[in-house]
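Notes for the one structure printed next.
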Amino acid sequence: MKYHSIAIDGPAASGKSTVAKELAKKLDYIYIDTGAMYRATTYKALSIGVDLSNPYAYSFLDTTEFVFKFGELFMDGVNMTVLNRRKEVSDNVSLVASHVPVRNKLVMLQQNIAKQNNVVMDGRDIGTVVLKNADVKYFMVASVEVRAERRLEELKKYGTNFTLHELMDDIKRRDDYDSSREYNPLKQANDAILIDTSEISIKEAVALIYNKFKSKLKGESYNGN
Ligand code: DC
């Protein structure tokens, strides 16, 4: 059986996860938040107390279980949604995500999930590395101000106290780090469509991707695939 996939990449807080979640719900696909896997890895590395700057300190990933249920990540049976939003996780996740062994391991896990399920996956390297053959690929951007405001609203739900300025600084710092890392940086795939969510609403972005995806699938069935 052929499984379908939608790849959504973009910088921090560009609206990817809200759009991806909504799409997954509409399509009854599994939503895979790959950023949550890098965050959970960071959380575990901090808990164990390994040297975060050592790319080979992450062998614990070989015995770590990642499961997505109802759009949320469970690591070793623990729901990571709130833990992943901790400041020390946000402060260190870009460093952890820059290590080749970490990326190779998590990319393999993500590809395995997509081999056995219909997925909407979001991250930084989904269209370029993880799901090069995704049915449709999108790259979402938005101004730093719009993104920081969105993140502030989201974090309020978890009772975390950040100011708008702190969030703007965090977003800019992670954008720089994620786009300039050597291995699989944040980059728009050649065949990805650009969406600026400072210009259109999240709802419009969902409708746009949904329609494009549906017409792609229809085209495939007309061709007898
Ligand atoms: O989407 P997010 O902000 O939760 O992602 C957290 C960090 O993980 C982000 O700063 C970069 C990294 N990341 C990555 O390198 N590759 C991905 N596919 C997803 C996230």
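Here are a few things to note about the model shown:
- Looking across the range 2-25, the residues that are more than 12 Å from the ligand (Cβ to nearest atom), open to solvent by 10 Å² or more (accessible area, probe 1.4 Å) and in contact with a helix residue (DSSP H, G or I) (Cβ under 6 Å, 6 or more places away or on another chain) come down to SER5, GLU22.
- When the range 91-101 is filtered for residues that are within 13 Å of the ligand (Cβ to nearest atom) and more than 14 Å from SER47 (Cα to Cα), the ones remaining, listed by number, are ASP91, SER94, LEU95, ALA97, SER98, HIS99, VAL100.
- Pairs with Cβ under 6 Å, 6+ apart, first in the range 30-57 and in contact (Cβ under 8 Å) with a residue 12 or more places away in the chain, second of a type in the set (D, E, K, R) and part of a loop (DSSP other than H, G, I, E, B): ALA57/ASP51
- The residue of the range 113-131 that is least open to solvent (accessible area, probe 1.4 Å), among those that are over 23 Å from THR81 (Cα atoms) and touching a helix residue (DSSP H, G or I) at 6+ places or on another chain (Cβ under 9 Å), is LEU131.
- Sub-9 Å Cβ pairs linking a first residue in the range 178-193 that is among the basic types (Lys, Arg) to a second residue that is surrounded by fewer than 17 Cβ atoms within 10 Å (Cβ to Cβ) and not in a loop (DSSP other than H, G, I, E, B), at least 6 apart or interchain, are LYS187/SER179, ordered by first then second residue.
- Residue match in the range 158-176 (condition: near the ligand (Cβ under 10 Å from one of its atoms) and farther than 20 Å from ALA20 by Cβ): yes
- Only one of ALA148, ALA192 that is within 13 Å of the ligand (Cβ to nearest atom), buried (at least 17 other Cβ atoms within 10 Å of the Cβ) and of a type in the set (Gly, Ala, Ser): ALA148
- Residue-level analysis places LEU186 outside the set of residues that are under 19 Å from THR128 (Cβ atoms) and more than 16 Å from the ligand (Cβ to nearest atom).
- Pairing each residue of the range 76-94 that is more than 13 Å from PHE162 (Cα to Cα) with any residue that is part of a loop (DSSP other than H, G, I, E, B) and more than 9 Å from the ligand (Cβ to nearest atom), provided the two are 6+ apart or on different chains, yields C-beta distances under 6 Å for ASP76/GLU65; VAL82/TYR158; ASN92/LEU52.
For every residue, the table says whether it meets (1) in contact with a Pro (Cβ under 8 Å, 6 or more places away or on another chain); (2) basic (Lys, Arg); (3) open to solvent by 40 Å² or more (accessible area, probe 1.4 Å).
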residue: TYR58; (1), (2), (3): yes, no, no
residue: GLU65; (1), (2), (3): no, no, yes
residue: PHE68; (1), (2), (3): no, no, no
residue: GLY71; (1), (2), (3): no, no, no
residue: VAL78; (1), (2), (3): no, no, yes
residue: LYS87; (1), (2), (3): no, yes, yes
residue: VAL102; (1), (2), (3): yes, no, no
residue: LYS105; (1), (2), (3): no, yes, yes
residue: MET108; (1), (2), (3): no, no, yes
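- Residues that are within 16 Å of the ligand (Cβ to nearest atom), more than 21 Å from ARG173 (Cα to Cα) and open to solvent by 30 Å² or more (accessible area, probe 1.4 Å), drawn from the range 31-56: LYS44
- Test: TYR138 is touching a Leu at 6+ places or on another chain (Cβ under 9 Å), open to solvent by less than 10 Å² (accessible area, probe 1.4 Å) and aromatic (Phe, Trp, Tyr): yes
- Restricting attention to the range 159-179, the residues that are open to solvent by 30 Å² or more (accessible area, probe 1.4 Å) and closer than 17 Å to GLY35 by Cα add up to 5.
The values are calculated or read from the model by the stated rules, or taken from the named source; none is laboratory data. Remember, it's a predicted structure, so these values are computed and weren't measured experimentally. Note that we place each Cβ from the backbone using ideal geometry, even for glycine, and neighbour counts take in every protein chain shown. Just the protein is used for accessible areas: all its heavy atoms, side chains included, with ligands, DNA and RNA removed. Shrake-Rupley method; radii C 1.70, N 1.55, O 1.52, S 1.80 Å.
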